[in-house]
Amino acid sequence: MTYKRLIGTACGLTLALCTIVSIEGANAATKIRFGTTSASAVSWPEFIAQDKRYYAAENLNVEVTYTGNNTTVVQQLIGGSFDLGQTTFETTIRAIENRAPIVMIGSTMIKYSYSIMAQKDIKSIKDMKDKRIILALPKSALTVYWNRAVEQAGMKVSDIDRVYDGSTPNRYAALVSGTVQAAGLTQPIDLLAMDKGYNRIVDITAVAKNFGFTSLVASRNWLKQNGDTARAFLRATKKATEYFYDKKNRAEVIAILVKHTKIAPDAAAKTYDYFVNELQPYQRDLDPTDDYVRTVVQLLVDIGDYKIPNIDPKKYADRGYLPK
């Protein structure tokens, strides 16, 4: 297996910088152009599938492009630059509601794994009055669930100033610099923040029950011609997910995350232990279940972005490609 990196590739009209990694399989392997946002714990099963050669065993050559954001994944998928993509349920559903010819065919990290981490002198949401938090986007699920938590604490959303940045590392940097007093973070950065003495004032994962996080997405037209390829990709990813959850593989799985994300080994170990022993974020059978789809659609309805009187999960997800 060899790796090739091309820095500075323009991604569509957004001109987002991408990193392309070519994972070369056997001769005459079927190539899959796969888009995702970044090399993070979200893609842990895919990293395992690469390194354990589960994709190669399915005669697949998976070329991974890191786009930097979820919207670009969908744009490139619609434009034909990607065959498969990994993005959020929310981004996928918004695109489908805007008539994009795409569909979810699976889910890896199905649980919405975020924490609100605060400065060391802030112990609760009420301590945030007249202070500042940094979140992802004004209408992101993270922001919506934060707003709900604020109201449940008996406060007004306007009591707390908000700024936005779509990158977890950037949000953490703002917290460390003192620019903000709280930040929405995902793993492993929230665990790193806890180690440094920052306080978790909201566990968004506990609040956002049955809210789907990442989806595996494909163009409907591509699926018509490449259904067997999609099934092979999902079979390999499922095997990798099973490998992740087998505790006897702990050391190797941690090393794989360190290799692909360059995070510190102790941070990777803490993330693994939290994922396996508590969160269980990855969907073992890769099924983007109806309940998770409905919850995301209902949130978009609740915030007024769409009017969908009858939510039909089949509009957004096709389970026909999942491993049997």
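A few comments on the model shown:
- T2 vs. criteria surrounded by fewer than 20 Cβ atoms within 10 Å (Cβ to Cβ), more than 22 Å from T72 (Cβ to Cβ) and either modelled with pLDDT of 95 or more or of a type outside the set (G, A, S) (or both): yes
For (1) under 18 Å from the mean Cα position of the chain (by Cα); (2) crowded, with 21+ Cβ neighbours inside 10 Å; (3) within 30 Å of L192 (Cβ to Cβ); (4) hydroxyl-bearing (S, T, Y), each residue gets a yes or a no:
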position	(1), (2), (3), (4)
Y243	no, no, yes, yes
R250	no, no, yes, no
A269	no, no, yes, no
F275	yes, yes, yes, no
N310	no, no, no, no
K324	no, no, no, no
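- Of all residues in region 31-73, those satisfying the criterion of being in a loop (DSSP other than H, G, I, E, B) and closer than 20 Å to F89 by Cβ are T37, S38, S40, T67, G68, N69.
- Within region 99-114, tally of residues that are among the small types (G, A, S) and over 14 Å from the mean Cα position of the chain (by Cα): 1
- Of the residues making up region 103-155, those that are part of a helix (DSSP H, G or I) and either more than 21 Å from G304 (Cβ to Cβ) or not aliphatic (A, V, I, L, M) (or both) number 11.
The values are calculated or read from the model by the stated rules, or taken from the named source; none is laboratory data. In this text, all values refer to a predicted model and were calculated from it rather than measured experimentally. Positions of Cβ are backbone-derived with ideal geometry, glycine not excepted, and every protein chain shown enters the neighbour counts.
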